[in-house]
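Worksheet: the structure to be examined is printed underneath.
The values are calculated or read from the model by the stated rules, or taken from the named source; none is laboratory data. The shown structure was predicted, so the numbers you read here are calculated from the model rather than taken from an experiment. Because the Cβ atoms are built from the backbone with ideal geometry, glycine has one as well, and the counts that use them run over all protein chains shown.
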Amino acid sequence: MSNTRLLIDALTYMKNFRGQLFVVKMGSEVTSKKEVLDAVAADLILLDFLGIHPVVVHGGGIEITEEMNKRGKIPKFVKGLRVTDRETIQIVKTVFKKINDRIVAAIETAGGKAAGLPKEGEILFQSEKKKAEVDIGYVGDIKRIREKTIRASIKKGSIPVVSPVGRSPKGYDLNINADTAASELAAALKARKIIFLTDVAGVLDQEKKLIKTLTTNQAQQLIDDKIASGGMIPKLKACKRALDKNVTSAHIIKAGGHALLEEILTKEGTGTMIAK
(Lines give C-alpha, C1' and ligand atoms only; values in the text may rest on other atoms or scores of the structure.)
Protein backbone atom coordinates (compact mmCIF):
# COMPACT_ATOMS: atom_id res chain seq x y z
CA MET A 1 0.00 0.00 0.00
CA SER A 2 1.32 3.45 -0.91
CA ASN A 3 2.19 6.01 1.75
CA THR A 4 -0.53 8.27 0.34
CA ARG A 5 -3.17 5.54 0.77
CA LEU A 6 -1.98 4.92 4.31
CA LEU A 7 -2.30 8.61 5.15
CA ILE A 8 -5.80 8.84 3.69
CA ASP A 9 -6.90 5.75 5.62
CA ALA A 10 -5.34 7.17 8.77
CA LEU A 11 -7.20 10.45 8.28
CA THR A 12 -10.51 8.59 8.32
CA TYR A 13 -9.67 7.01 11.68
CA MET A 14 -8.41 10.33 13.05
CA LYS A 15 -11.75 11.96 12.25
CA ASN A 16 -13.73 9.09 13.76
CA PHE A 17 -11.69 8.91 16.96
CA ARG A 18 -11.08 12.60 17.63
CA GLY A 19 -12.35 13.53 21.10
CA GLN A 20 -12.61 9.86 22.15
CA LEU A 21 -10.94 8.21 25.16
CA PHE A 22 -8.73 5.13 24.75
CA VAL A 23 -7.50 3.15 27.75
CA VAL A 24 -4.04 1.66 27.15
CA LYS A 25 -2.82 -1.01 29.55
CA MET A 26 0.91 -1.76 29.78
CA GLY A 27 2.47 -4.70 31.59
CA SER A 28 5.97 -5.01 33.01
CA GLU A 29 7.10 -6.64 29.78
CA VAL A 30 6.54 -3.22 28.16
CA THR A 31 7.47 -0.77 30.90
CA SER A 32 10.74 -2.48 31.82
CA LYS A 33 12.23 -2.13 28.32
CA LYS A 34 13.38 1.42 27.57
CA GLU A 35 13.33 1.16 23.78
CA VAL A 36 9.81 -0.27 23.77
CA LEU A 37 8.52 2.22 26.34
CA ASP A 38 10.03 5.17 24.44
CA ALA A 39 8.25 4.06 21.23
CA VAL A 40 4.94 3.71 23.08
CA ALA A 41 5.43 7.15 24.65
CA ALA A 42 5.89 8.68 21.19
CA ASP A 43 2.68 6.99 19.98
CA LEU A 44 0.74 8.26 23.00
CA ILE A 45 1.93 11.82 22.38
CA LEU A 46 0.87 11.68 18.73
CA LEU A 47 -2.57 10.33 19.63
CA ASP A 48 -2.96 13.11 22.17
CA PHE A 49 -1.88 15.69 19.57
CA LEU A 50 -4.55 14.32 17.21
CA GLY A 51 -7.24 14.88 19.85
CA ILE A 52 -7.49 11.21 20.84
CA HIS A 53 -7.15 11.01 24.63
CA PRO A 54 -5.08 8.06 25.89
CA VAL A 55 -5.34 6.98 29.52
CA VAL A 56 -2.54 4.65 30.60
CA VAL A 57 -2.94 1.90 33.21
CA HIS A 58 0.19 -0.03 34.11
CA GLY A 59 0.89 -3.29 35.89
CA GLY A 60 4.12 -4.37 37.51
CA GLY A 61 4.02 -8.12 38.07
CA ILE A 62 7.52 -8.96 36.85
CA GLU A 63 9.20 -6.19 38.85
CA ILE A 64 7.12 -6.90 41.98
CA THR A 65 8.24 -10.54 41.85
CA GLU A 66 11.87 -9.47 41.39
CA GLU A 67 11.66 -7.14 44.40
CA MET A 68 10.02 -9.84 46.53
CA ASN A 69 12.81 -12.27 45.61
CA LYS A 70 15.41 -9.69 46.61
CA ARG A 71 13.79 -9.51 50.05
CA GLY A 72 13.63 -13.28 50.43
CA LYS A 73 9.87 -13.49 49.92
CA ILE A 74 8.42 -16.29 47.80
CA PRO A 75 5.59 -15.06 45.56
CA LYS A 76 2.37 -17.06 45.84
CA PHE A 77 -0.66 -16.90 43.57
CA VAL A 78 -4.23 -18.12 43.91
CA LYS A 79 -6.15 -18.31 40.61
CA GLY A 80 -3.76 -15.81 39.07
CA LEU A 81 -3.96 -13.30 41.94
CA ARG A 82 -0.88 -12.47 43.99
CA VAL A 83 -1.21 -13.26 47.70
CA THR A 84 -0.50 -9.85 49.24
CA ASP A 85 0.45 -9.55 52.90
CA ARG A 86 1.35 -6.32 54.72
CA GLU A 87 4.96 -6.33 53.52
CA THR A 88 3.98 -7.21 49.96
CA ILE A 89 1.45 -4.37 49.62
CA GLN A 90 4.26 -1.96 50.53
CA ILE A 91 6.46 -3.58 47.87
CA VAL A 92 3.61 -3.28 45.37
CA LYS A 93 3.18 0.43 46.10
CA THR A 94 6.92 1.10 45.88
CA VAL A 95 7.28 -0.73 42.56
CA PHE A 96 4.16 0.90 41.12
CA LYS A 97 5.52 4.35 42.03
CA LYS A 98 8.80 3.57 40.28
CA ILE A 99 7.04 2.31 37.15
CA ASN A 100 4.56 5.20 37.12
CA ASP A 101 7.40 7.72 37.37
CA ARG A 102 9.24 5.91 34.56
CA ILE A 103 6.25 6.14 32.19
CA VAL A 104 5.63 9.79 33.03
CA ALA A 105 9.33 10.56 32.44
CA ALA A 106 9.30 8.74 29.08
CA ILE A 107 6.30 10.77 27.89
CA GLU A 108 7.74 14.06 29.10
CA THR A 109 11.20 13.34 27.69
CA ALA A 110 9.55 12.75 24.30
CA GLY A 111 7.88 16.17 24.51
CA GLY A 112 4.50 15.31 25.98
CA LYS A 113 2.79 16.11 29.25
CA ALA A 114 1.78 13.38 31.70
CA ALA A 115 0.34 13.09 35.21
CA GLY A 116 0.95 10.16 37.53
CA LEU A 117 -2.19 9.05 39.39
CA PRO A 118 -3.36 8.62 42.05
CA LYS A 119 -1.38 11.36 43.75
CA GLU A 120 -0.27 10.97 47.37
CA GLY A 121 -3.34 10.81 49.61
CA GLU A 122 -5.72 10.64 46.63
CA ILE A 123 -8.25 7.84 46.18
CA LEU A 124 -8.95 6.83 42.59
CA PHE A 125 -10.23 3.26 43.07
CA GLN A 126 -12.54 2.86 46.05
CA SER A 127 -12.27 -0.85 46.76
CA GLU A 128 -13.12 -3.66 49.12
CA LYS A 129 -11.00 -6.62 50.13
CA LYS A 130 -11.58 -9.42 47.65
CA LYS A 131 -13.61 -12.36 48.91
CA ALA A 132 -11.96 -15.65 47.98
CA GLU A 133 -12.00 -19.29 49.05
CA VAL A 134 -8.74 -18.67 50.91
CA ASP A 135 -7.43 -15.41 52.36
CA ILE A 136 -5.19 -13.76 49.75
CA GLY A 137 -4.56 -10.67 51.84
CA TYR A 138 -4.63 -7.09 50.62
CA VAL A 139 -6.15 -7.73 47.19
CA GLY A 140 -9.12 -5.62 46.18
CA ASP A 141 -12.25 -5.49 44.07
CA ILE A 142 -13.12 -2.06 42.66
CA LYS A 143 -16.44 -0.69 43.90
CA ARG A 144 -16.27 2.88 42.62
CA ILE A 145 -13.96 4.88 40.39
CA ARG A 146 -13.47 8.60 40.75
CA GLU A 147 -13.28 9.14 37.00
CA LYS A 148 -13.54 12.92 37.44
CA THR A 149 -9.91 12.85 38.55
CA ILE A 150 -8.94 11.33 35.19
CA ARG A 151 -11.06 13.77 33.21
CA ALA A 152 -9.59 16.73 35.12
CA SER A 153 -6.09 15.57 34.20
CA ILE A 154 -7.04 15.30 30.52
CA LYS A 155 -8.65 18.75 30.62
CA LYS A 156 -5.32 20.15 31.83
CA GLY A 157 -3.63 18.69 28.77
CA SER A 158 -1.96 15.73 30.50
CA ILE A 159 -1.91 12.05 29.64
CA PRO A 160 -3.05 10.27 32.84
CA VAL A 161 -0.80 7.40 33.97
CA VAL A 162 -2.64 5.26 36.51
CA SER A 163 -1.35 2.81 39.12
CA PRO A 164 -3.90 0.11 40.10
CA VAL A 165 -3.91 0.72 43.84
CA GLY A 166 -7.26 0.71 45.65
CA ARG A 167 -8.30 2.08 49.02
CA SER A 168 -10.67 0.28 51.37
CA PRO A 169 -13.39 2.01 53.44
CA LYS A 170 -11.16 1.33 56.48
CA GLY A 171 -8.31 3.28 54.91
CA TYR A 172 -5.83 0.57 53.93
CA ASP A 173 -4.37 0.07 50.45
CA LEU A 174 -5.31 -2.84 48.20
CA ASN A 175 -3.55 -4.42 45.25
CA ILE A 176 -5.82 -4.38 42.17
CA ASN A 177 -5.27 -6.65 39.18
CA ALA A 178 -4.10 -4.25 36.45
CA ASP A 179 -6.10 -5.90 33.64
CA THR A 180 -9.25 -5.63 35.76
CA ALA A 181 -8.47 -2.02 36.71
CA ALA A 182 -8.03 -1.12 33.03
CA SER A 183 -11.34 -2.70 31.99
CA GLU A 184 -13.28 -1.09 34.85
CA LEU A 185 -11.70 2.28 34.14
CA ALA A 186 -12.52 2.00 30.43
CA ALA A 187 -16.15 1.33 31.32
CA ALA A 188 -16.33 4.19 33.84
CA LEU A 189 -14.82 6.63 31.34
CA LYS A 190 -17.06 5.38 28.50
CA ALA A 191 -13.89 4.78 26.50
CA ARG A 192 -14.09 3.97 22.79
CA LYS A 193 -11.31 1.38 23.00
CA ILE A 194 -9.27 -0.60 25.49
CA ILE A 195 -5.84 -1.71 24.26
CA PHE A 196 -3.57 -4.22 25.97
CA LEU A 197 0.12 -3.88 25.10
CA THR A 198 1.94 -7.17 25.61
CA ASP A 199 5.01 -9.12 24.50
CA VAL A 200 3.03 -11.46 22.21
CA ALA A 201 1.56 -10.75 18.77
CA GLY A 202 -2.03 -11.01 20.00
CA VAL A 203 -4.41 -13.92 20.48
CA LEU A 204 -3.13 -17.10 18.82
CA ASP A 205 -5.06 -20.09 17.50
CA GLN A 206 -4.27 -23.77 18.09
CA GLU A 207 -1.56 -23.62 15.41
CA LYS A 208 -0.02 -20.53 17.05
CA LYS A 209 -1.18 -18.24 14.23
CA LEU A 210 -2.46 -14.74 14.96
CA ILE A 211 -6.23 -14.32 15.10
CA LYS A 212 -7.02 -10.87 13.70
CA THR A 213 -10.63 -10.54 14.90
CA LEU A 214 -12.72 -12.24 17.57
CA THR A 215 -16.15 -11.96 19.10
CA THR A 216 -16.49 -12.24 22.86
CA ASN A 217 -18.14 -15.65 22.41
CA GLN A 218 -15.21 -16.86 20.32
CA ALA A 219 -12.78 -15.51 22.91
CA GLN A 220 -14.59 -17.45 25.64
CA GLN A 221 -14.46 -20.59 23.51
CA LEU A 222 -10.67 -20.25 23.24
CA ILE A 223 -10.52 -20.20 27.03
CA ASP A 224 -12.92 -23.14 27.39
CA ASP A 225 -10.93 -25.17 24.84
CA LYS A 226 -7.67 -24.30 26.67
CA ILE A 227 -6.23 -22.75 23.52
CA ALA A 228 -5.87 -19.44 25.34
CA SER A 229 -3.76 -19.96 28.44
CA GLY A 230 -1.62 -18.24 31.06
CA GLY A 231 -1.68 -14.44 31.06
CA MET A 232 -3.92 -14.32 27.97
CA ILE A 233 -6.92 -15.57 29.98
CA PRO A 234 -7.23 -12.54 32.32
CA LYS A 235 -6.74 -10.24 29.33
CA LEU A 236 -9.54 -11.87 27.37
CA LYS A 237 -11.79 -11.76 30.43
CA ALA A 238 -10.96 -8.08 30.94
CA CYS A 239 -11.79 -7.41 27.29
CA LYS A 240 -15.18 -9.08 27.73
CA ARG A 241 -15.93 -7.06 30.89
CA ALA A 242 -15.15 -3.82 29.08
CA LEU A 243 -17.20 -4.75 26.01
CA ASP A 244 -20.12 -5.84 28.19
CA LYS A 245 -20.07 -2.33 29.65
CA ASN A 246 -20.29 -0.62 26.24
CA VAL A 247 -16.64 -0.11 25.32
CA THR A 248 -16.76 -0.44 21.51
CA SER A 249 -13.70 -2.60 20.88
CA ALA A 250 -10.79 -4.24 22.67
CA HIS A 251 -7.33 -4.90 21.25
CA ILE A 252 -4.44 -7.12 22.29
CA ILE A 253 -1.20 -6.25 20.50
CA LYS A 254 2.54 -6.66 20.79
CA ALA A 255 4.31 -3.47 21.85
CA GLY A 256 7.26 -2.55 19.68
CA GLY A 257 8.00 -0.16 16.87
CA HIS A 258 4.85 1.92 16.55
CA ALA A 259 2.36 -0.92 16.90
CA LEU A 260 -0.09 1.23 18.85
CA LEU A 261 -0.49 3.66 15.95
CA GLU A 262 -0.64 0.82 13.41
CA GLU A 263 -3.45 -0.87 15.34
CA ILE A 264 -5.50 2.32 15.67
CA LEU A 265 -4.88 4.15 12.40
CA THR A 266 -4.68 1.40 9.74
CA LYS A 267 -7.17 -1.08 8.32
CA GLU A 268 -4.85 -4.06 8.76
CA GLY A 269 -3.94 -3.34 12.37
CA THR A 270 -1.18 -5.32 14.01
CA GLY A 271 -2.77 -7.55 16.66
CA THR A 272 -6.15 -8.96 17.65
CA MET A 273 -9.34 -6.90 17.80
CA ILE A 274 -12.25 -8.17 19.90
CA ALA A 275 -15.81 -6.89 19.59
CA LYS A 276 -19.28 -8.01 20.60
Selection from segment 49-64 of residues assigned to a helix (DSSP H, G or I), at pLDDT 95 or above and aliphatic (A, V, I, L, M) yields Ile64
Those residues that are more than 20 Å from Val24 (Cβ to Cβ), modelled with pLDDT of 95 or more and crowded, with 19+ Cβ neighbours inside 10 Å, I need them from segment 217-255; list them, please. Leu222
Check off (1) more than 18 Å from the chain's Cα centre (by Cα); (2) free of Cβ contacts under 8 Å to residues at least 60 places away in the same chain; (3) closer than 24 Å to Pro54 by Cβ for Gly116 and give me the number that stays unchecked. (1)
Take the residues in segment 12-50 that are hydroxyl-bearing (Ser, Thr, Tyr) and within 21 Å of Leu117 (Cβ to Cβ); name whichever of them is surrounded by the most Cβ atoms within 10 Å (Cβ to Cβ). Thr31
Selection count, segment 237-253, where residues are closer than 23 Å to Leu7 by Cα and either out of contact with any strand residue (DSSP E or B) (no Cβ under 6 Å at 6 or more places or on another chain) or without any contact (Cβ under 8 Å) to a residue 24 or more places away in the chain (or both): 1
Would you check if Lys208 is farther than 25 Å from Ser153 by Cβ, out of contact with any strand residue (DSSP E or B) (no Cβ under 6 Å at 6 or more places or on another chain), of a type outside the set (S, T, N, Q) and in a loop (DSSP other than H, G, I, E, B)? yes
Taking Ile74 as the residue in question, decide whether it is more than 17 Å from the chain's Cα centre (by Cα), farther than 25 Å from Arg151 by Cβ and either outside any helix (DSSP H, G or I) or touching a residue at least 24 places away in the same chain (Cβ under 8 Å) (or both). yes
Could we say that His53 is within 16 Å of the chain's Cα centre (by Cα) and either loosely packed, with under 15 Cβ neighbours inside 10 Å or farther than 18 Å from Glu263 by Cβ (or both) here? no
Quick one: would you say Leu46 is of a type outside the set (Phe, Trp, Tyr), under 13 Å from Ile159 (Cβ atoms), at pLDDT 95 or above and in contact with a helix residue (DSSP H, G or I) (Cβ under 8 Å, 6 or more places away or on another chain)? yes
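Does segment 105-145 hold any residues that are among the aliphatic types (A, V, I, L, M) and part of a strand (DSSP E or B), and which are they?
Result: Ala114, Ala115, Leu117, Val139, Ile142, Ile145.
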Give me the pairs: first residue in segment 182-196 and within 17 Å of Thr216 (Cβ to Cβ), second residue among the basic types (Lys, Arg) and part of a helix (DSSP H, G or I), beta-carbon distance under 7 Å, and six or more apart or on different chains, which are they? Ser183/Arg241; Phe196/Lys235
